[in-house]
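Heads up, the thing below is written out as structure tokens.
The values are calculated or read from the model by the stated rules, or taken from the named source; none is laboratory data. All values reported here derive from a predicted model rather than from experimental measurement. Don't worry about glycine lacking a Cβ; one is built from the backbone with ideal geometry, like all the others, and counts go over all protein chains shown.
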Amino acid sequence: MLANMDITGASAIVTGGASGIGAAAARRLANRGAKVVIADLKAEDGEALAAEIGGAFVNVDVTNTEQIEAAIAKALELGPLKAVVNSAGVGWAQRTIGKDGEYSSAHDLELYKKVIGINLIGTFDVVRLTATAMSRNEAGPSNERGAIVNLASVAAFDGQIGQAAYSSSKGGVVGMTLPVARDLSAVGIRLNTIAPGLIDTPIYGTGEASEAFKAKLGESVLFPKRLGVPDELASMVEELITNSYMNAEVVRVDGGIRMPPK
Ligand SMILES: NC(=O)c1ccc[n+]([C@@H]2O[C@H](COP(=O)([O-])OP(=O)(O)OC[C@H]3O[C@@H](n4cnc5c(N)ncnc54)[C@H](O)[C@@H]3O)[C@@H](O)[C@H]2O)c1
């Protein structure tokens, strides 16, 4: 019988692991026995979580290749790198054109590039480097060397008004799933993507106004009529990392929501 991929004693890297879905995923992977490297910009939260789960924090901006390499070096000190979760991401909302017919009020091109730089290029940089490190692992029982999970968004499919940059970036993450999984199949590395719906994390800000906003958002979910919680996403991350037969797939975890235009 072929067992699920065992990550006990292995290392893992979670980008964006200091908050939200990434933090919940880091806890799940640590619970399965992995030494987790939290690769994030937020040192205080990242250090605290690393201490809680017996992992390590490395200050990483995913747009910086050297910092990604430093996170991999840290992971390799802790054990063979077998699991990677790309949860670092940012949102941005602006319409493609302004209301006054002026070129100057069209979508800020630098912001478009910034979102693509973090969400798409940053994700791919982490994938290509971590997969290279994983390719040196000794193969496991089913010839497996590791698994990667990327976080896209339902906005890759149902992008709303103002989401051109965000949806483009997440559409790119969805688009890389099959070709990258094909590339990595030669060395026994699986790659899957999760497209979350509306999940209750600090991405929506904090305080009274954002609580009211989130309650309103929850009404648009098919069932259950609420936002998802980070651990419901982390549960899927854990499954995609450990289930040896999950590969090259994009999974929506969204309570059945289909986003309207706005
Ligand atoms: N929360 C949702 O409703 C939702 C929905 C769809 C997709 N997602 C995606 O899931 C992922 C996690 O989102 P979340 O809700 O947990 O967000 P979050 O804001 O709680 O956490 C994101 C983390 O990424 C880090 N980060 C941002 N830019 C970074 C960079 N350049 N380098 C390294 N780290 C960086 C932040 O510091 C933060 O800790 C993101 O990719 C997001 O786009 C979230």
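Find the residue count for the stretch 200-223, including only residues that are outside any helix (DSSP H, G or I) and closer than 16 Å to Q160 by Cα.
In the first step, residues of the stretch 200-223 are kept if they are outside any helix (DSSP H, G or I); the result is 200-201, 205-207, 219-223.
So of that shortlist, the ones also closer than 16 Å to Q160 by Cα come out as 220-221.
Total meeting the criteria: 2.
With within 16 Å of the ligand (Cβ to nearest atom), in a helix (DSSP H, G or I), more than 17 Å from N119 (Cα to Cα) and more than 15 Å from the chain's Cα centre (by Cα) as the only criterion, which of E77, E69 stands out? Don't jump to the end; show me each part of the working.
On the way: E77 fails: within 16 Å of the ligand (Cβ to nearest atom).
Answer to the check: E69.
Please determine, by comparing only the residues of the stretch 113-166 that are touching a Leu at 6+ places or on another chain (Cβ under 6 Å) and within 15 Å of the ligand (Cβ to nearest atom), which one is nearest to G188 (Cα to Cα).
The selected residue is I148.
Inside the stretch 34-66, can you point out the residues that are assigned to a loop (DSSP other than H, G, I, E, B), buried (at least 16 other Cβ atoms within 10 Å of the Cβ) and away from the ligand (no atom under 12 Å from the Cβ)?
Result: A34, G55.
What's the total number of residues in the stretch 10-33 that are in a loop (DSSP other than H, G, I, E, B) and touching a helix residue (DSSP H, G or I) at 6+ places or on another chain (Cβ under 9 Å)?
First, the residues of the stretch 10-33 that are in a loop (DSSP other than H, G, I, E, B): 10, 16-19, 32-33.
Filter once more, so that each one left must be touching a helix residue (DSSP H, G or I) at 6+ places or on another chain (Cβ under 9 Å): 10, 16-19, 32.
Number of matching residues: 6.
Sort out which residues of the stretch 80-89 are more than 9 Å from the ligand (Cβ to nearest atom) and not in a strand (DSSP E or B), and write them in order of number.
Passing the criteria: only P80.
Determine if the stretch 222-241 includes at least one residue that is of a type in the set (A, V, I, L, M), away from the ligand (no atom under 15 Å from the Cβ) and crowded, with 21+ Cβ neighbours inside 10 Å.
So far as the stretch 222-241 goes, yes, one or more of its residues are of a type in the set (A, V, I, L, M), away from the ligand (no atom under 15 Å from the Cβ) and crowded, with 21+ Cβ neighbours inside 10 Å.
Which one of A133, A155, A147, A165 is touching a helix residue (DSSP H, G or I) at 6+ places or on another chain (Cβ under 6 Å), crowded, with 20+ Cβ neighbours inside 10 Å and outside any helix (DSSP H, G or I)?
After applying the criteria, what remains is A147.
What residue, of L81, L76, L151, is at pLDDT 95 or above and more than 19 Å from V237 (Cβ to Cβ)?
Result: L76 is the single residue among L81, L76, L151 that is at pLDDT 95 or above and more than 19 Å from V237 (Cβ to Cβ).
What number of residues in the stretch 168-198 are surrounded by fewer than 23 Cβ atoms within 10 Å (Cβ to Cβ) and either modelled with pLDDT under 95 or within 16 Å of the ligand (Cβ to nearest atom) (or both)?
10
Between a first residue in the stretch 241-262 that is closer than 18 Å to S87 by Cβ and at pLDDT 95 or above and a second residue that is part of a loop (DSSP other than H, G, I, E, B) and of a type in the set (V, I, T), which pairs have beta carbons less than 9 Å apart while being 6 or more apart in sequence or on different chains?
Filtered contacts from the stretch 241-262: I241/I7; T242/I7; D254/V221.
Tally the residues that are under 19 Å from G79 (Cβ atoms) and surrounded by fewer than 24 Cβ atoms within 10 Å (Cβ to Cβ), restricting the search to the stretch 17-27.
Pass one, the stretch 17-27, residues under 19 Å from G79 (Cβ atoms): 17, 25-27.
From what's left, surrounded by fewer than 24 Cβ atoms within 10 Å (Cβ to Cβ): 27.
Residues meeting the conditions: 1.
When you check S87 against the structure, is it of a type in the set (S, T, N, Q), at pLDDT 95 or above and closer than 21 Å to A195 by Cβ, yes or no?
yes
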